[in-house]
Amino acid sequence: MDELTLLTALHEQGDRQGPGGDDETRLAITLSGLRQRSALRIADIGCGTGASTRVLARELDAVVTAVDFLPAFLARLEEIAVADGLAGRVETLTAPMEDLPFDDAGLDAIWSEGAIYTMGFANGVRAWRRFLKPGGILAVSELTWLTAERPKELTQHWLREYPEVATAGAKLATLEDSGYAPLGYFPLPERCWLDNYYRPLQARFPAFLDRFDNAEAAKAIVAAEREEIALYERNRAFVSYGYYVARRT
Ligand code: SAM
């Protein structure tokens, strides 16, 4: 069993596949000003099973294209969207975020929670800009330092895993340099990590290990997740996801 199959199996039953919260998605929508607009076309890139997609479809007069490269996540999103009565407002698209099939200037907004790191923040915001109408909205959450100084173990871990991790000031400057006017930034509170993501993930570990007969590869995945959770718990004052909302200039 390869690692991606195991990771998909562990995460597909989750409500979300990264830190976040419905209240925080709603706050980003408020900052975006999109509630005042109608007949919107929105893409939610790296949507997973669609926690943010469903909030967007519920709150806005929009059709939301939910994009991910894992069909299993999109299949789960389709089931939930039907159960929630959102089927007509959500479309799914299996595609890599590096090569999206959207027309230039075709979208009113691009959303992406906890996924742009795959392309790198600077690379991603520059590549996706052309899909937005002038004045269109970009809303992304991205790993962000909350303080100028941090414990060494935290800095070393994230510089190794994601060298683009930086403070909000640096991320906002990247947005300005890339053809966006920032409209707002806020850091995700701890409950977005602990209550909404890590605790439900931890609760799935026993059934996941059982399902794969305690295979070494499955145990290694659980061990890595446990390490990441412990690292966050020790260092929660210094790092979070920042939510960035900006307008294409
Ligand atoms: N936005 C979701 C959430 O917050 O619950 C999922 C976040 S999860 C950390 C990152 C998501 O990006 C996963 O669903 C993963 O399958 C997707 N992803 C990773 N690399 C991708 C790529 N190159 N193209 C499209 N999707 C990708």
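The values are calculated or read from the model by the stated rules, or taken from the named source; none is laboratory data. Not measured: the values here are computed from a predicted model. Don't worry about glycine lacking a Cβ; one is built from the backbone with ideal geometry, like all the others, and counts go over all protein chains shown. Ligands, DNA and RNA are stripped out before the accessible areas are found, and what is left, the full protein with its side chains, is counted by its heavy atoms. Shrake-Rupley method; radii C 1.70, N 1.55, O 1.52, S 1.80 Å.
State the volume of the convex hull built on the alpha-carbon positions of segment 96-170, expressed per residue in Å³ and rounded to an integer. Intermediate results must be reported in sequence, preceding the final value.
Numbers: hull volume 6.7 nm³, N = 75.
Here the figure is 89 Å³ per residue.
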### Relative compactness, segment 114-230, computed as alpha-carbon Rg over 2.2 N^0.38 Å
1.31
#### Entry: All lysines inside 30 Å of residue 133 as judged from Cα atoms, apart from same-chain residues fewer than 8 positions distant
171
### Task
Go ahead and estimate [θ] at 222 nm for the chain from helices alone: -39,500 (n - 2.57) per DSSP H run with n ≥ 4, summed, over the residue count, rounded to 500.
-13000 deg cm²/dmol
### Summary
Taking 0.36 nm per residue of separation between residue 203 and residue 148 and subtracting their Cα-Cα distance, the length gained on full extension comes to 16.4 nm
#### Entry: Ellipsoid equivalent to segment 1-59 - semi-axes via the Cα gyration tensor, in Å
28, 12, 8
### Query
If the chain between residue 84 and residue 181 were fully stretched, how many nm would it gain, using 0.36 nm times the residue separation less the Cα-Cα distance?
31.5 nm
### Coarse-grained scattering of segment 11-100 at q = 0.23 Å⁻¹, given as base-10 log I(q)/I(0) from a Debye sum over alpha-carbon atoms
-1.19
### Query
Name the GluC sites (Glu not before Pro) in segment 68-151 that are in a loop by DSSP and that have at most 12 other C-beta atoms within 10 Å, would you?
98, 149
### Query
In Å, what Rg and Dmax follow from the Cα atoms of segment 60-136?
13.1, 37
### Query
With the other protein chains left in place, how much accessible area per residue, in square angstrom, belongs to the chain at a 1.4 angstrom probe?
45 Å²
### Summary
Among trypsin sites (Lys or Arg not before Pro) in segment 31-124, those in a DSSP loop whose Cβ has at most 16 other Cβ atoms within 10 Å are 37
### Message
Taking just the alpha carbons, could you work out the radius of gyration and Dmax for segment 175-249, both in angstroms?
### Response
17.6, 53
### Query
Rg(Cα) of the chain divided by 2.2 N^0.38 Å?
0.99
